Amino acid sequence: KGKQVAGDILSRFYDINGRVLETIISKKMISSDLENLKNAEYSIGVAESLDKAAGILGALRGKYINVLVTTEETAKAVLKMNKEK
């Protein structure tokens, strides 16, 4: 209750702070755990649009990605959102 999905990687959902959210889908998925991404030398996220800013921020805060490929507009939105929360 009160948890809002900001984004997903490998069909694993997380909130704006990068906390993994357990959903009904989580128990049915066969995919890598997001924690494995933290150990990768490079974990590259590719995302673009203002609608994805919260998901990008959550992925960065959760340390699921350490490289981001995006547009200038999206990057500015993520930085602004990070300052606000």
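The values are calculated or read from the model by the stated rules, or taken from the named source; none is laboratory data. Fair warning: this is a prediction, and the values are worked out from it, not measured in the lab. Here Cβ is always computed from backbone atoms with ideal geometry, including for glycine, and neighbour counts include all displayed protein chains. These accessible areas exclude ligands, DNA and RNA; they are computed on the full protein's heavy atoms, side chains included. Shrake-Rupley method; radii C 1.70, N 1.55, O 1.52, S 1.80 Å.
Relative contact order of the chain, taken over Cα pairs closer than 8 Å and 6 or more residues apart, is 30 percent. Against the main long axis of the alpha-carbon atoms of the chain, helix 72-84 sits at an angle near 80°. Assuming charge only on the beta carbon of Lys and Arg (+1) and of Asp and Glu (-1), the dipole of region 1-45 about its Cα centre is about 260 debye to the nearest 20. Of the GluC sites (Glu not before Pro) found in the chain, those in coil by DSSP whose Cβ has at most 10 other Cβ atoms within 10 Å are GLU22, GLU41.
Ranked from largest to smallest solvent-accessible area, with a 1.4 Å probe on the protein heavy atoms, LEU68, LEU79, LEU57 come out as LEU79, LEU68, LEU57. Heavy atoms only, probe 1.4 Å: what % of the accessible area of the chain goes to carbon and sulfur, would you let me know? On the chain, the fraction of accessible area on carbon and sulfur atoms equals 53 percent.
Taking the Cα centre of the chain as reference, the dipole from Cβ charges on Lys and Arg (+1) and Asp and Glu (-1) amounts to some 380 debye. With all protein chains kept in place, the per residue accessible area of region 30-85 amounts to 68 square angstrom at a probe of 1.4 angstrom.
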